[in-house]
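Some notes on the structure that comes next.
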């Protein structure tokens, strides 16, 4: 997922969950801020990463509690389909664009729609992002150079916040 991408020094991890990817991110960046909406996951992760280069907080990806231009990159792994609507996904895209610095990168790995994924999410939210529409949705909030690569089990999105001229 990170292939060919320089994360910079301050990464925003969205939907950290129990922190499965957090340790790898901390090895690749000077500073990691992990955002998780679930209180128990956020509290557990915060306790585990105390005194490291990781800050774990509870928060809403559609209303990020950070000033503009804070992060060098943002990453969402298997998270976007848990947002309750396409409208919330689009607000999340706009918020990520807002908090990324010019030249910042947004990386996504998510799963496509399909009966198996629907069954697996029968007791949780499943609003898949369609790869066919993702580029237009990201471009609409300001991202450029959007690439989408279909992979076994899901897809990868890479989008850039353009450098200001």
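Please treat every number below as a calculation from the coordinates, not as lab data. Keep in mind the model is a prediction, meaning the values are calculated, not measured. Reconstructed Cβ throughout: ideal geometry from the backbone, glycine too, with neighbour counts over all protein chains shown.
What percent antiparallel are the DSSP beta bridges of the chain, to the nearest 5? Beta bridges within the chain, antiparallel portion: roughly 40 percent. For segment 10-160, rounded, prolate or oblate, judged on the Cα gyration tensor with a ≥ b ≥ c (square roots of eigenvalues), a/c < 1.5 rounded, else prolate if a/b > b/c? It is oblate, given that a/c is not under 1.5 and a/b is not larger than b/c. Between 19, 154, 104, where does the largest GNM mean-square fluctuation fall for the chain, given springs only between Cα atoms within less than 10 Å? Top of the fluctuation ranking is 154. Give the residues of segment 88-114 whose amide nitrogen is closer than 16 Å to a point set 7 Å from the Cα of residue 78 in the direction of its Cβ. Within reach of a label on residue 78: 108-114. I need the shape label for segment 34-96. Rule: rounded when a/c is under 1.5, else prolate if a/b > b/c, else oblate, with a, b, c from the alpha carbon gyration tensor. Oblate, since a/c reaches 1.5 and b/c is not below a/b.
Extending 7 Å from the Cα toward the beta-carbon at both residue 150 and residue 50 defines two label points whose distance is 4.8 nm. Using a simple spin-label model with pseudo-atoms 7 Å out from Cα toward Cβ, residue 126 and residue 28 lie 2.7 nm apart.
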